[in-house]
Amino acid sequence: MLDTLLLSRLQFAANISFHILFPTINIALCWVLCYFKLRSNFSGHPMWMRAYRFWVKVFALTFALGVVSGITMSFQFGTNWPGYMETVGNIAGPLLGYEVLTAFFLEATFLGIMLFGINRVPNRIHTLSTLLVGIGTSLSAFWILALDSWMQTPAGFEMREGVAHATSWWDVIFNPSFPYRLTHTLLSSGLTVAFFIAGLSAYRIRLGDTKKAPQAALKTGLVLAAVLAPLQVFVGDLHGLNTFQHQPAKVAAMEGVWHTERGAPLLLFALPDEEAQTNHYEIGIPKAASLILTHDMNGEIKGLNEFEGNHPPVAPVFWGFRIMVGIGLLMWATAWLSIAMMRKRPTLPNGLLRLLEAMTFSGWVASLAGWYVTEIGRQPWLVTGVLKTADAVTTVPPMHVGYSLFMYVTVYALLLWAYIHTLRLMARKSVTVEEFELRGPTMQGGFTQPTVDIAKGATS
Amino acid sequence: MNEAAWLPVIFLGLMGLAVLVYALLDGYDLGVGILMPMKTANETDRDIMIASIGPFWDANETWLVLAVGLMLIAFPAAHSLVFFHLYLPAATMLIGLILRGVAFDFRAKASLDHKLAWDRTFKIGSLITSLSQGYMLGQYVIGFDQSAMGQFFSLLSAAGVTAAYCYIGAAWLIMKTENALQLKAIQQAKLAGRVTLLGIVAVSLVNPLVNPLVFQRWFEQPYFIFVLPIPAICFAAFFFNERLLKHMTSHNDRKSWLPILYVACIFMMSFIALGFSFYPYIVPNKLTIWEAASAPESLQFILAGTVIVVPMILAYTVFAYWVFRGKATELRYY
């Protein structure tokens, strides 16, 4: 039977999974918008302003979804996980508080000026507003990842009568896994946005949009991807080593190592079997896992057997990791291939455009997969070594949690559909907007008399 | 004085400030949402109404996150207790907030034949949010009483809060709009104002009757004479506003900024009255601020930042309102 614990976990997972999609886009998208705005300011070329105008609308829509799902998140702690705040509230509270104070107000207030203030404030104030929203979204990531990292690798505190008390706020914030997680997450936001921009721009180009703005955006996205993808592989490796040092049980699950071994293979494929404590159908590169993690072909990797009853479920962590890495490598290859093609010819071949289009939301999949690795990988702990997930849950009746979970999932599914549908619609609409038509944006966001019929545009 | 004694008082004040600012700011934009006319012919009106709140609603809702956040940070035990009892209405409110928040953005970007549907979503979401907030306030005041009497009181409170949001929403529209829309807002403000007054009177009567401690505080202690100005100012603001609205026409726009100040004054007095009724309880009759407070070192750490950051937030909030001063024009969504 479904109990409150399982339902609350599902609800938290549903909420955070839905929520994270939007900040993941917006953290980096705002910096890309800053880039477009600055290029426009310095070069005066209308295509940069045109790119800005399209993507700022996407930003606004994404922001709204992020805000509303974020408000939901802020209630989850109290409604479903009272034990969390009761035990570590002294640590989590201030970090969340600083996120609200330094980030949320900044981004929400200047977003208004960024979206609607272009004709009301001097241009440099508008540019500054865009910059401040970018700072706000990144600060938000800073604080929430500080808290998330603290839950993974807690530091700078002591327990008094079963309640955590901070002893050093510096150590709390800059806990061992924080610098790695922050960099890794910010880079993943950058990659997500790079493919998001490239994918949607490819869609516009394939619909017959011959304007310069989507070309410029496509190139921006691809260059960003080409730079960030290899960097992410490097940082991801460092993050993995950090996890190996501080959370060996998580790494054992990621690598599917059931029993401590030397010279462990890097498994490319396997079906982990929780009951038999072994893998089926293993395909792996001999000794490679040991080499990566210990920089020694015969290095020792602690197996799950050393964390009896204290390690995460293996299959989701094992597979989440492979999906994340697989997409990351695919991104790298696609980005470099596209850049190489672009240097030889003015436009990308149709096949490659279609691939980029298919990869529009690949960053979402990789981010979620990575998120599951790290969060499921922390189980059964909510705060490693301090508080178990099962001990933090509410005593609200399962029926109530079932009701709220059902409502959230229904609404989220509809909104996700509406979001993707609307993005495609916006892309199709933008195909028909005249080039250099900069003045006089109307209610439809700069959508003036269509010059090409949308249906015709879609088939050409 | 002992820091464990005064820090919770400061944080109660901060939380109170956040709740009050939230009720005022999100109050008017929720009110505008509820007042939106839904006929196809009213599309221009809806566009202007939405435009009047467009640059602000995001930041307005952030005050809710701050209020709930401060409760979570400073009084975690109270946060757990409150949301244990208010689980379902809180979840319902969140659904309402989600719906209106996204509808606001989708309406401008969706295809034209879906715009009306998103407008409806915006209105319904605003209504769900207001009603559940009012219901939660009623439940909170009456000590989470689930009996028929408690339910009745909470439903009354739901209607009262919704009327109050319409009142401040209409006052906002009087300030931000012109012509027919403004005239309509004047009529709506009159009606919503009267319902709000009824609600305030009803809650003021019921509250001391069901809570002996509240009765004691208001009527039996020597400072009766000092707290008398609270209801006096509240009712005076209402009657001044009533008189002003009676003579207001769209030709005489000079005082269009005044109604919202009167309504804000009514909000403030009602809020002070509630605070005065229950201090020092953070959950009426169950938990005091000192019983619910977090560790002093955590409160100090967050207070240091608050003292620096909150004035900055207020400053750039004022800046944003200044940038978008004057009558709302079409939304240059850009």
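The values are calculated or read from the model by the stated rules, or taken from the named source; none is laboratory data. Keep in mind it's a predicted model, so treat the numbers as computed, not measured. Cβ sites come from the backbone with ideal geometry, for glycine too, and all protein chains shown count toward neighbours.
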Neighbours by Cβ (under 8 Å, 6+ apart or cross-chain): first from the stretch A:118-133, farther than 28 Å from A:E99 by Cβ; second basic (K, R): A:I118/B:R332; A:N119/B:R332
Any hit, the stretch B:323-333, residues being surrounded by fewer than 18 Cβ atoms within 10 Å (Cβ to Cβ), out of contact with any Pro (no Cβ under 7 Å at 6 or more places or on another chain), farther than 21 Å from B:D29 by Cα and of a type outside the set (S, T, N, Q): no
Test: A:L139 is surrounded by fewer than 21 Cβ atoms within 10 Å (Cβ to Cβ), in contact with a Cys (Cβ under 7 Å, 6 or more places away or on another chain) and either closer than 21 Å to B:T317 by Cβ or among the acidic types (D, E) (or both): no
Check on A:L65, in a helix (DSSP H, G or I), at the interface with chain B (Cβ under 7 Å from one of its Cβ atoms) and more than 30 Å from A:G156 (Cβ to Cβ): yes
Candidate set: the stretch A:86-129, residues that are among the hydroxyl-bearing types (S, T, Y) and facing chain B (nearest Cβ under 7 Å); chosen: the one surrounded by the fewest Cβ atoms within 10 Å (Cβ to Cβ): A:T102
Hey, A:R50 crowded, with 24+ Cβ neighbours inside 10 Å and either more than 7 Å from chain B (Cβ to nearest Cβ) or not in a helix (DSSP H, G or I) (or both) or not: yes
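Determine which member of the set B:A180, B:A163, B:A158 is of a type in the set (G, A, S), in a helix (DSSP H, G or I), surrounded by fewer than 20 Cβ atoms within 10 Å (Cβ to Cβ) and out of contact with any strand residue (DSSP E or B) (no Cβ under 6 Å at 6 or more places or on another chain).
The conditions single out B:A180.
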Of the criteria (1) buried (at least 16 other Cβ atoms within 10 Å of the Cβ); (2) touching a Lys or Arg at 6+ places or on another chain (Cβ under 6 Å); (3) more than 22 Å from A:S430 (Cα to Cα); (4) of a type outside the set (S, T, N, Q), which one A:P214 fails: (3)
Sole residue being among the β-branched types (V, I, T) and within 12 Å of another protein chain (Cβ to nearest Cβ), chosen from A:T24, A:T4: A:T4
Unmet criterion (only one of (1) modelled with pLDDT under 90; (2) buried (at least 21 other Cβ atoms within 10 Å of the Cβ); (3) in a loop (DSSP other than H, G, I, E, B)) for A:P154: (1)
Pairs with Cβ under 7 Å, 6+ apart, first in the stretch A:1-20 and acidic (D, E), second at pLDDT below 90: A:D3/A:P398
Candidate set from the stretch A:157-185 (those that are touching a Gly at 6+ places or on another chain (Cβ under 7 Å) and of a type in the set (A, V, I, L, M)); member that is modelled with the highest pLDDT: A:V172
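Okay, residues lined up against (1) part of a helix (DSSP H, G or I); (2) within 13 Å of chain A (Cβ to nearest Cβ); (3) crowded, with 20+ Cβ neighbours inside 10 Å; (4) of a type outside the set (A, V, I, L, M):
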position: B:R100; (1), (2), (3), (4): yes, yes, yes, yes
position: B:A103; (1), (2), (3), (4): yes, yes, yes, no
position: B:A117; (1), (2), (3), (4): yes, yes, no, no
position: B:R120; (1), (2), (3), (4): yes, no, no, yes
position: B:G125; (1), (2), (3), (4): yes, yes, yes, yes
position: B:S130; (1), (2), (3), (4): yes, no, yes, yes
position: B:M136; (1), (2), (3), (4): yes, yes, yes, no
position: B:Q139; (1), (2), (3), (4): yes, no, yes, yes
Which numbered condition A:V411 misses (of (1) of a type outside the set (F, W, Y); (2) in a helix (DSSP H, G or I); (3) at pLDDT below 85): (3)
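Listed here are the residues, each with its yes/no results for (1) at pLDDT below 85; (2) assigned to a loop (DSSP other than H, G, I, E, B); (3) under 11 Å from A:L304 (Cα atoms).
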position	(1), (2), (3)
A:V251	yes, no, yes
A:L268	yes, no, no
A:P272	yes, no, no
A:E275	yes, yes, no
A:N279	yes, no, no
Residue in the stretch A:199-207 that is part of a loop (DSSP other than H, G, I, E, B), out of contact with any strand residue (DSSP E or B) (no Cβ under 9 Å at 6 or more places or on another chain) and among the small types (G, A, S) present: no
Residue check for A:D209: acidic (D, E) and closer than 30 Å to A:H295 by Cβ: no
Conditions (1) within 16 Å of the chain's Cα centre (by Cα); (2) within 14 Å of chain B (Cβ to nearest Cβ): number failed by A:A229: (2)
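Looking for whichever is surrounded by 15 or more Cβ atoms within 10 Å (Cβ to Cβ), of a type in the set (F, W, Y) and facing chain A (nearest Cβ under 10 Å) here; the options are B:F238, B:F301, B:F267, B:F271. Which one fits?
Values: B:F238 fails: facing chain A (nearest Cβ under 10 Å); B:F267 fails: facing chain A (nearest Cβ under 10 Å); B:F271 fails: facing chain A (nearest Cβ under 10 Å).
That would be B:F301, the only listed residue that is surrounded by 15 or more Cβ atoms within 10 Å (Cβ to Cβ), of a type in the set (F, W, Y) and facing chain A (nearest Cβ under 10 Å).
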Candidates B:S277, B:S250, filtered to the one that is of a type in the set (S, T, N, Q), at pLDDT below 90 and under 22 Å from the mean Cα position of the chain (by Cα): B:S277
Criterion (more than 9 Å from every other protein chain (Cβ to nearest Cβ) and out of contact with any strand residue (DSSP E or B) (no Cβ under 8 Å at 6 or more places or on another chain)) met by exactly one of B:P311, B:P280: B:P311
So A:A225, is it under 21 Å from A:V58 (Cβ atoms), modelled with pLDDT of 85 or more and touching a helix residue (DSSP H, G or I) at 6+ places or on another chain (Cβ under 6 Å): yes
Members of the stretch A:302-322 found to be surrounded by 23 or more Cβ atoms within 10 Å (Cβ to Cβ) and among the aliphatic types (A, V, I, L, M), listed by number: A:L304, A:V314, A:V317
Test: residue in the stretch A:342-362 that is assigned to a helix (DSSP H, G or I), under 30 Å from A:F307 (Cβ atoms), out of contact with any helix residue (DSSP H, G or I) (no Cβ under 8 Å at 6 or more places or on another chain) and away from chain B (no Cβ under 14 Å): no
Matching option when the condition is out of contact with any helix residue (DSSP H, G or I) (no Cβ under 8 Å at 6 or more places or on another chain), surrounded by fewer than 13 Cβ atoms within 10 Å (Cβ to Cβ), under 20 Å from A:N242 (Cα atoms) and not hydrophobic (A, V, I, L, M, F, W, C), among A:H280, A:H295: A:H295
Selected residue (only one of A:S188, A:S201 is surrounded by 24 or more Cβ atoms within 10 Å (Cβ to Cβ), within 12 Å of the chain's Cα centre (by Cα) and either modelled with pLDDT under 90 or polar (S, T, N, Q) (or both)): A:S188
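Do we have any residue at all in the stretch A:171-192 that's within 14 Å of chain B (Cβ to nearest Cβ) and free of Cβ contacts under 8 Å to residues at least 40 places away in the same chain?
Yes, some residue in the stretch A:171-192 is within 14 Å of chain B (Cβ to nearest Cβ) and free of Cβ contacts under 8 Å to residues at least 40 places away in the same chain.
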